[in-house]
Amino acid sequence: MTSPSSLPIEVRGSAKQPLGMSPAQFLRDYWQKRPLLIRQAFPDFVSPIEPDDLAGLAMEETALSRLIIHDENRDRWKVKTGPLTEKDFASTPNKNWTLLVQDVDKWDADVAGLLEHFTFLPSWRVDDIMISYAEPGGGVGAHVDQYDVFLLQGLGQRHWAIDTNPDAPKDFRPDVELKQLATFDPDHEWLLEPGDMLYLPPGVPHDGVAFGGPCLTLSLGMRAPSRAELTGDLADYLAERLPDELRYTDPDLAPAKAAGEIDKAALTRLREAMPFAAALDDVTLTDWFGRFITRYRSAQMPVPPEKEVTSSALGKQLEGGASLLRHPWARMAWARGKRGATLFVNGHAYPAAARLAEQLCGEREFTPGQPIAEDELALLLALVNDGHLIARKGKRR
Ligand code: SIN
Ligand code: CO
């Protein structure tokens with residue numbers, strides 16, 4: 001196995017080997033692992049599309065396009081999403097702007113033809129070919145992408161800067177909708193000519209700026225669903241196929257020891273009901289189920305008090321013998337944790353002492369013992385201010 005330090009970051013391609021090496025070697029050493037600049041990945045490359053065609057496409061109703069103009073002096077970025085108009089193009093400055101159009105491979109067969117060079121990847125892994133046209137200084141600013149990308153220079157020159165440091169900060173600039181990086185400290189820079197190609201795995205900070213004259217860059221982006229998307233879709237898929245009669249069941253139920261507790265037996269039953277979730281640890285399964293079951297079939301939401309109650313005001317009321325009435329629409333459950341417990345109320349989770357959580361679940365009207373501990377008061381205050389508990393003077397007999 002080749003050691004990472006001996007792997008070059010720059011290689012030369014050829015008509016036979018656009019990656020400058022075999023696909024197997026590229027996949028082993030670079031794919032999803034490290035960036036690679038391939039000089040002349042496509043020797044004598046001629047762009048399959050002209051800038052004017054790209055502008056025409058950006059005016060189509062259903063094409064996804066963006067016009068990005070950078071005001072260098074004020075470091076302000078203006079983003080206009082398509083469909084764009086003749087007027088938009090007529091009003092662009094003579095530098096520092098770029099037009100990006102996604103999915104150009106779906107509109108243009110010559111552009112789609114480029115994909116034939118990437119058949120070493122599963123076709124379903126390829127998302128689209130996005131093409132950017134930029135005037136000198138134009139770009140989208142330093143950013144990271146969450147998917148692999150091959151950036152092929154089509155026309156003119158582009159200056160690329162990347163940061164290969166895996167620990168590079170990834171915070172966004174708060175003022176720009178383009179998810180640009182707040183800090184960017186590149187350690188590699190190149191000027192790309194037509195036919196040169198830069199491969200970037202996910203998460204590598206990069207910034208490409210058009211240099212000298214008009215610049216066209218084709219970027220072949222991969223499809224990398226987030227785990228959140230995979231999980232959400234799998235859940236929908238499974239749910240659609242499960243008959244309504246299959247329910248949470250507990251024929252083994254023993255008399256409840258503690259009011260409202262989600263106990264170990266309940267977790268075991270949940271794992272049986274959802275075998276695909278059996279690998280979830282107790283903490284995650286409980287946290288999800290506690291939130292879910294206290295929301296489930298609840299038709300109304302408790303409404304917070306008009307004026308937020310202060311800690312000292314509630315403390316005084318409770319010391320004066322006031323009780324706390326559970327809002328009729330507040331549904332509660334609780335579970336023991338490694339440290340203390342969690343009280344679930346209408347989909348929310350509150351850290352709580354087990355004793356108090358059990359008491360709140362068991363008593364519709366609750367009078368705290370005296371003196372009231374600080375953490376106890378903090379929980380009661382949160383529940384009052386979220387509308388789950390209502391303070392009432394004196395105790396009803
Ligand atoms: C561009 O072509 O301007 C941006 C492509 C990218 O950085 O992903
Ligand atoms: Co990018």
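The values are calculated or read from the model by the stated rules, or taken from the named source; none is laboratory data. Quantities reported herein were computed from a predicted structural model and do not represent experimental measurements. Backbone-built Cβ (ideal geometry, glycine too); neighbour counts: all protein chains shown. Each accessible area value is taken on the protein alone, full model and side chains, heavy atoms only, with ligands, DNA and RNA left out. Shrake-Rupley method; radii C 1.70, N 1.55, O 1.52, S 1.80 Å.
Each listed q (0.11, 0.13 Å⁻¹) maps to a log10 I(q)/I(0) for the chain, found by the Debye formula over equal Cα scatterers with no solvent: -0.89, -1.00. Step through the table entries LYS33/LYS80; LYS80/LYS307; LYS33/LYS106; LYS33/LYS264, compare each Cα-Cα distance with 32 Å, and write down the pairs that go over it. Table pairs above 32 Å Cα-Cα are LYS33/LYS80; LYS80/LYS307; LYS33/LYS264. Round to the nearest 10 and report in Å² the accessible area of PHE211, as given by a 1.4 Å probe over the protein chains' heavy atoms. PHE211 has an accessible surface of roughly 110 Å² with all protein chains in place. For the stretch 37-138, the Kirkwood estimate of the hydrodynamic radius, built from every pair of different alpha carbons, is 15.0 Å. Shape analysis of the stretch 4-222 yields a ratio of the Cα radius of gyration to the Kirkwood radius, Rg/Rh, of 0.95.
Ordering 348-355, 250-257, 178-185 by mean Cβ neighbour count within 10 Å, with the highest value first, yields 348-355, 178-185, 250-257.
Projecting the Cα atoms of VAL126, HIS159, TYR147 onto the dipole axis of the stretch 114-160, where Lys and Arg carry +1 and Asp and Glu carry -1 at the beta carbon, places HIS159 farthest toward the positive end.
If each DSSP helix of 4+ residues adds -39,500 (n - 2.57) and the sum is divided by the residues in the chain, what number results at 222 nm, nearest 500 deg cm²/dmol?
Estimated from H runs of four or more residues: -7000 deg cm²/dmol.
Legend: calculated FRET efficiency, THR249 to ASP375, from the Cβ-Cβ distance at R0 = 45 Å, rounded to 0.05, equals 0.75. Placing GLU358, GLU189 in order of accessible area, with the largest value first and a 1.4 Å probe, yields GLU189, GLU358. Once all protein chains are placed together, MET301 keeps about 110 Å² accessible to a 1.4 angstrom probe. Relative contact order for the stretch 262-397: 31 percent, from Cα pairs under 8 Å spaced at least 6 residues apart, divided by residue count. With the simple spin-label model, which puts each label point 7 Å out from Cα in the Cβ direction, the ASP282 to THR119 separation comes to 5.5 nm.
With a 1.4 Å probe and all protein chains left in place, how much accessible area per residue does the stretch 1-160 have, in Å²?
The answer is 52 Å² per residue.
With a simple spin-label model that places each label point 7 Å from the Cα along the Cα-to-Cβ direction, the separation between LYS307 and TYR147 comes to 5.4 nm. With each label modelled as a point 7 angstrom along the Cα→C-beta vector, the ARG12-ALA273 pair spans 6.6 nm.
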